[in-house]
Structures are given as structure tokens and as C-alpha cells.
Amino acid sequence: MSGSLAPRIDLRRIQLILIELLAVTLPFSFELGITNTSRIFFPTEPLMIVLVVIVLAGLLLERGSQSGLFTWHSAIVLPFAAALILGTLFSTLIWVSIKFTAVNLLYLFVFFLVIRLHLVSRPELFRRLVLLYTAGFLLIGILALYRYSLYDWNPVVVKVLFQPFYKDHTLFGATGALLAAFWLSYPGRGRYLTPLLLQRGLGVVLAGAVFLSYSRAAILSLGVFALFRLLFALRARLWQLGIITAVVLIYLFINRDMVAEKINTNRHDSGNRQSDLVDHTLSAANINTDVSNRERLNRWTAGLSMFKSRPGTGFGPGTFQFAYIPFQKPRYMTRLSVTDPLHIPENSGGTAHSEYILSLSETGIPGILAWLALVGALVAMAFRTASVGSAQELVTTGFAAVSTYLFHGFFNNFLNTDKFAFLFWGVIAWMTVNAIKSRKHEIRTL
């Protein structure tokens, strides 16, 4: 058959199919061992690699169709990517950092750049992607609820209810909080059994899933979400947010002795089998007897010591779990503390338990500046205008969702997990597309 009569392959359509397939399969991805030391998330990471190949083929064969892939609007994630690359160049464990950076750049490319490219021409796509993801997430929640009933609703087993898909109950909780915030905020119109009412109902169910997870940080992050929704409803400006933040910090500083006393007298323990959900949540401030909190304190102090040791470059992306062990201080160590990365105590593991501390320890000053620049850009994007149009409503919806993790990130780190990276970077891509539309609308109305 002649070249002119041969059917043309629609690479953009294939990309769209793969993106939707990712949204369906991400909740069900699991770690698959390739070698004794290497694991991948299956089937999602192989799907992402195929998608990258197709996108690159589109750049070579159909340059016009991929022209929006790299634009100046993508600069919001460049500092984050640059910090990873710079940290890898000076890594103390070069092959660990190369692998870690490659995976995270893959997430940035697929979940931010590629999704953003398709959102420009298909603005309704992201809602569909989140809906597909939510369906899978709720199926896992229903399965966990059934497994929970088999153990007579004993909260001790919550940590393993969501495995193998969500390896930790805190990951499930963080995901549920972001999804709940999204559906509780997504704008809609109409009455009765309309998309708006269904979205709010879905948000309430997802908030229930957060409480099911018993993740204290996730539960508290819903309060952060509610605060930002209130500020958006009042059409607060960025300078007003700055004043509120300053007042809160000044109040805490003035009353630091009272705050310290309350923390020191807190005896709520997340490890107590008799504790209810309220006690479990209040235990977040117990740094004296709560083993989970004390182990976080151990990781944080070790991470800060790592930063002091190599402030300019850090120890390298992905190296914390190996490098922090000699930086632990005996007075902070617990029965969950790791002394050998190959022999981890039961219910322990993880890395810095903080995106902020992780950036400091692994990528140094460039890493924390990149992370703070990203947070600052998102805050500015959401609060840059007090007038709320349709596009601006979507921007504030995106920030309300992401705000749950900007808070949760003080206590856990999940951006190196495919199923959470999809939501985090995908929401930011969606925010940037709608922020541009909102800006264009403002210019036209001047």
C-alpha cells in the first residue's frame, strides 16, 4: 500500500488512552521485585515508559502535535527537577540517586508535562481522570472495610488493611484527603441529584475513608483544607493570608511556654489498643511516650544533622534510608529505629517522614529552596486574584486539594510513590492550565 493510502497513527489519541489507563490502574499498582535490590511499581511504571516513548516519537514525527509540551508555564517544576539532578551529581551513593532521580523525573514528565499538554485542549479530562482514580480507590477502601470487619474492628490491624496496593495506612489516608478535598471543592451547578450533589457526596465518603485510615496527619490535613476553603469563600487576598500567618506565629511564640506544657503533658498514645479515634488523633502532639512520634523525631533530628554535614548538596536523592543511620542520636532512638537497612524492625521502615526534612538532607539548600519555591508559587497562584470566575474556581479547587499534602508533607513523604505522585503533580498541572485561562480572562475584561 502506498504511503499516502496507509492509515495514519494518531499518537495523541494513543497517549490519551494510556493516560486514562494509568488513572484506572494506579490505585491497584504494587511493588514487583526485579532483582534482589530493584523494584518497580507494576503495571504503572512500564505503562509510563511506553507513554514516554510515544510522546518522544510524537516530538520527532509530529512536532506540531507536541508543541505545547515544553512551555515557560512548565517552569513551576523546573527548580524541583534541577535540585534532583544537581543532588545526583554530588551523591554519596551515585547509583541509588540515579535510579531515584530517573523515577521522579519520569513522574514529573508524565504526570505534569504530558497531562498538562492534553489538558490544554481537553479541559474536562482531569475531572475524568480523578473520577477513574477515585473509583479504584473506593474499591480498595471497600475491600479494606471488609477485612477490617474480619478482625472485629480492631484498630491495630489498620496498618495492613490496604496492602498490597497501599503499603501504608498513612499513604491511603493522604490520598483520601486529597481526593476528598477535590470533590468537596469542585464547582458545579444545579439542584437535587445533580453532579454538584453527587460530587459533595463523594467527597464526604472519601473523608470517611480518611478516618478509616487512622492516619493522624491525613485527618488533621482535612482541617487545613477547610481553613483554605473558608479563605477562598471570603475571597481573601495573598497579603491577608500573610497577616493571618504572622499573627498565628506571633501568638504561638508569645505562648510558647503554654504550648510546650501541653505537649509535655500529652499522654494520648497511638499505640494504645484501647484508644478511640479522638485519642488517636490527639496523640499527634505526644512526643514523650508515643513511639511513632518519637521515631519521627529521631528521623527529623538525623535528617537535620545530615543537612548540617552537607548543606550545599545533601547526600543525594534517595539516599536518606541508607545515610541517616549513623546520624541518629541515642536519646531519640526507639524500638522502631533502624540500625541495619537490611533488617528493619516490624512496623518501621520509611525514610525521613517529611518532604521538607527529606529535601534538606538529600538535596541540601537547593532542594529545600526548590520545594519552598513550588509551595510559594502554588499559594500565589491560588490567591493572586480575589475575583472568582470559572477558571479561578478550578485553581482554588486544585490548591485546596494540594494543601492537604503541603501540610501532610511535614509528617510523611509520598512523592516517590506512583499513585500519589499522579494526584499531586496532576493537580498542579491542572492548576497551571486554569490559572493561564483565568489570567487571559482578566486581561480581556480590562
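Figures for the structure shown
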quantity: Spin-label pair residue 243/residue 340, simplified geometry with 7 Å Cα→Cβ offset, distance in nm; calculated: 6.0 nm
quantity: Of the chymotrypsin sites (Phe, Trp or Tyr not before Pro) in region 99-179, those whose Cβ has at most 10 other Cβ within 10 Å and which sit in DSSP loop; calculated: 153
quantity: Surface accessible to a 1.4 Å probe, per residue, for the residues of region 99-159, Å²; calculated: 45 Å²
quantity: Accessible surface of region 90-181 [probe 1.4 Å, protein heavy atoms]: carbon and sulfur percent; calculated: 70 percent
quantity: Solvent-accessible heavy-atom area per residue, rounded to whole Å², over region 311-351 at 1.4 Å; calculated: 55 Å²
quantity: Simple spin-label estimate for residue 21 and residue 333 in nanometres, 7 Å along Cα-Cβ; calculated: 4.8 nm
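The values are calculated or read from the model by the stated rules, or taken from the named source; none is laboratory data. In this text the structure is predicted, and so the values were computed from the model without any measurement. Quick reminder, even Gly has a Cβ in these numbers, built from the backbone with ideal geometry, and neighbours come from all protein chains shown. Quick note on the areas: whole protein, heavy atoms, side chains included, nothing else; ligands and nucleic acids left out. Shrake-Rupley method; radii C 1.70, N 1.55, O 1.52, S 1.80 Å.
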